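A.B. asks: Have a look at the structure that comes next, please.
The values are calculated or read from the model by the stated rules, or taken from the named source; none is laboratory data. Just so it is clear, the model here is predicted, and its values are computed rather than measured. Glycine also receives a Cβ, built like all others from the backbone with ideal geometry; neighbour counts cover every protein chain displayed. The protein model used for the area step is the full one, side chains on, heavy atoms only, and it has no ligands, DNA or RNA in it. Shrake-Rupley method; radii C 1.70, N 1.55, O 1.52, S 1.80 Å.
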Amino acid sequence: MPPDPLWTIDCTLKAKGFTYAGPPATYRGPVAVHGKTVTVEVNFSDLTFATLPTVRSIDAAALGDRSLAHLMRNRDICYTDEGGLVLDLYDPGGAALRVLADAAKALERSFGPNALREFEGELAAYWGGKSLYCAISPPPTPEIVAADLLSFKDKKPASLILAPRGAWPLSDVTRTAATMLTFDRALRCGSSFPPSRLQDLLAYIDAQELPPPGWRQAILDGIARGEDMFLAAPNGILGWRSAFGGTLALLKNHPRGFRVGALRKALPDRMGEVTIDNMMATQADLKYCVARNLDGRQGLVGKHIALVGCGTIGGYLAHMLVQNGAGCEAQLSLYDPDILKPGNLGRHVLGFDDLGRAKAEALHTFVQRFHPDVEVDHHTGNALTEWNALERCDLIVDATGDANVATALNDRFILARRGGRQICLLHSWVFGNGAAAQSLLNLDDGHTCYRCLRTGFGGNWRHNPLRDPDMEVRRAPARCGEGGYTPFPVDAPIAAAALAVRAAIDWAGGNPGHRLRTTIVDPGEGRDRLPWVSPKSLDDCPACRS
């Protein structure tokens with residue numbers, strides 16, 4: 001039987017000069033930092049290490065008087081990124097030593113050649129204060145931005161949201177005016193950080209590189225109006241709410257009310273009477289939310305996309321497209337004439353509350369909840385009758401899974417390309433009873449079109465992913481109020497949506513790659529694997545040769 005982990009940690013730490021400081025496993029002891037001894041307190045609250053141990057500096061003064069990177073206001077040492085340290089629960093002693101070693105390295109970096117840069121990279125954490133979200137995309141040059149601080153009534157997100165002035169005209173939101181100063185360079189630390197009074201704060205801003213023109217007047221005017229103020233830079237968004245004392249407090253709280261002009265006039269000579277209550281914001285604008293996980297890839301930002309079909313594939317695909325930039329700086333248009341029925345719920349992204357609603361309308365509401373800045377519209381008619389709107393898009397995505405609709409879209413697309421339209425067509429479908437998912441990207445550049453995938457009308461399917469190509473698709477019989485349907489689990493349409501969104505991202509990045517992509521979902525009915533390919537068009541294809 002393995003030894004008790006508490007006993008192992010106790011023996012390990014005491015051998016390193018630590019002493020027990022409290023339950024369940026809190027110890028104090030020395031770590032070496034650039035030849036100096038610093039006392040830290042380490043707390044193992046979770047012996048599975050699902051929650052990492054905390055390490056706190058007890059005598060940071062031994063390292064000097066200046067502010068230190070990786071050392072929070074409560075003196076906790078930021079020794080690892082979230083999820084960035086793997087500890088072995090079967091080796092608790094070794095885990096304890098690893099934590100101490102990483103904490104010492106974090107403190108050593110505080111005195112390394114890049115110490116100031118590391119501190120400034122974490123500037124917002126040292127500024128502290130109430131947390132909120134900022135949904136304002138940073139402008140390319142330093143500017144003064146009129147903003148609103150939004151508070152949602154009885155609705156998430158519970159935190160305050162900083163948004164552009166007048167944005168999101170929602171009925172359940174309380175708005176207060178705010179002003180944001182943007183910087184295109186990182187904010188520096190300064191000799192005394194963070195400042196606690198207005199006069200120190202203005203001196204701090206004055207020392208920054210390229211503050212926006214007119215920044216001082218904008219701050220004093222905003223404070224006189226009672227607005228919250230924010231500084232937004234690449235390394236953080238710092239905010240504050242001003243509190244008045246002395247004569248300014250008398251002016252502000254006059255029983256007959258106060259005049260903004262009088263308060264503004266008094267401010268320059270009485271800035272020592274203004275203290276600041278810090279706030280910090282986390283970036284949450286749509287472009288940031290989209291770009292964060294694309295790892296430098298372009299994504300779908302700025303691409304006008306039409307999604308035809310808001311059913312089982314289209315529902316998941318709409319969500320994925322938006323998460324990758326569709327609806328950001330260009331419209332996402334949803335097309336589907338159908339309504340959501342009870343039989344759809346088992347494999348649709350929409351739920352019970354949307355029963356009876358038009359799928360396109362309900363999906364519009366669903367993707368809008370991803371972010372209020374998503375540009376999306378919906379159409380409940382037949383998409384083919386609105387081809388004039390479709391052919392003005394950059395990308396048309398066919399998620400209907402209907403061969404007749406896909407063929408018709410394919411035909412219209414080829415004619416539009418022949419007419420000079422620079423559009424792309426992307427199909428996505430489930431094969432058989434969920435055996436596989438396929439996607440096809442058509443750029444009309446000599447590769448296969450949708451009709452080319454069949455050798456003849458009703459003929460064999462090229463690159464068939466079924467283990468038995470002659471296997472008939474099982475259909476569920478029609479019931480009262482509902483038509484027949486092809487049963488398959490929800491993993492198949494999700495796989496089809498994933499294939500399509502990856503193809504869309506590759507196309508948007510200028511590297512469309514393999515045009516026909518296949519994922520085997522059910523290995524019992526599907527082949528072991530089917531390579532991604534870019535087949536050439538058929539010489540006798542009636543669509544390509546028309």
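A.B. asks: If you look at just the Cα atoms of the stretch 385-429, how large are its Rg and its Dmax in Å?
C.D. replies: 9.9, 28
A.B. asks: So which of K130/K153; K14/K36; K14/K105; K16/K105; K130/K265 end up more than 23 Å apart by C-alpha?
C.D. replies: Pairs exceeding the cut-off: K130/K265.
A.B. asks: Per residue, how many Å² of accessible area does the stretch 1-54 show with a 1.4 Å probe?
C.D. replies: That works out to 57 Å² for each residue.
A.B. asks: So how tilted is helix 491-508 from the main axis of the chain? Cα-based, degrees 0 to 90, rounded to 10.
C.D. replies: 80
A.B. asks: Then there's this: Which of the three applies to the stretch 294-419, rounded, prolate or oblate, going by the alpha-carbon gyration tensor with a ≥ b ≥ c and a/c under 1.5 meaning rounded?
C.D. replies: Oblate.
A.B. asks: Based on the alpha carbons, how large is the Rg to Rh ratio for the stretch 500-546 when Rh follows Kirkwood?
C.D. replies: In the stretch 500-546, Rg relative to Rh is 1.09.
A.B. asks: Between T365 and K265, with labels modelled 7 Å along Cα→Cβ, what's the label distance in nm to one decimal, could you check?
C.D. replies: With each label placed 7 Å out from Cα toward Cβ, I get 5.4 nm.
A.B. asks: Rounded, prolate or oblate: which fits the stretch 425-470, taking a ≥ b ≥ c as square roots of the Cα gyration tensor eigenvalues, rounded meaning a/c under 1.5, else prolate when a/b beats b/c?
C.D. replies: Here the stretch 425-470 falls in the oblate category.
A.B. asks: Another question about this same structure. Using all alpha carbons of the stretch 239-316, what is the percent of pairwise distances in each 5 Å bin, ordered from the shortest bin to the longest?
C.D. replies: Going out from 0 Å in 5 Å bins, the stretch 239-316 shows 3, 11, 13, 11, 9, 7, 5, 6, 7, 9, 8, 7, 4, 0 percent.
A.B. asks: Between K153 and D88, what is 0.36 nm times their sequence separation minus the Cα-Cα distance? Round to one decimal in nm.
C.D. replies: So the chain would gain 18.9 nm between K153 and D88.
A.B. asks: Roughly how tilted is helix 215-224, in degrees to the nearest 10 and between 0 and 90, from the longest Cα axis of the chain?
C.D. replies: In the chain, helix 215-224 runs at an angle near 80 degrees to the longest axis.
A.B. asks: Remind me, relative contact order of the chain in percent, using alpha carbon pairs under 8 angstrom and six or more residues apart?
C.D. replies: It comes to 9 percent, rounded to a whole number.
A.B. asks: If you line up the long axis of helix 403-418 against the longest principal axis of the chain, both from Cα atoms, how many degrees apart are they, to the nearest 10?
C.D. replies: Taking Cα atoms only, the helix is inclined about 80 degrees.
A.B. asks: Mind grabbing the accessible area of F193 for me, 1.4 Å probe, Å², rounded to tens?
C.D. replies: 20
A.B. asks: Leaving ligands, DNA and RNA out of it, rank M279, M271 by accessible area with a 1.4 Å probe, largest first.
C.D. replies: Largest accessible area first, the list is M271, M279.
A.B. asks: What shape does the stretch 131-220 have by the C-alpha gyration tensor, where a ≥ b ≥ c are the square roots of the eigenvalues, rounded means a/c under 1.5, and otherwise prolate means a/b greater than b/c and oblate the rest?
C.D. replies: It is prolate, given that a/c is not under 1.5 and a/b is the larger ratio.
A.B. asks: Another one. If you take all C-alpha pairs in the stretch 393-546, what percent of them are over 18 Å apart?
C.D. replies: Considering the stretch 393-546, 59 percent of its Cα-Cα pairs are separated by more than 18 Å.
A.B. asks: Over the stretch 263-366, what relative contact order in percent results from Cα pairs under 8 Å that are six or more residues apart?
C.D. replies: 24
A.B. asks: For Kirkwood radius over Cα pairs in Å, which listed value, (i) 32.8; (ii) 28.1; (iii) 25.5, comes from the coordinates shown?
C.D. replies: Recomputing Kirkwood radius over Cα pairs in Å here gives the entry labelled (ii).
A.B. asks: Accessible area, 1.4 Å probe, largest first: how do S159, S439, S196 sort?
C.D. replies: Largest accessible area first, the list is S196, S159, S439.
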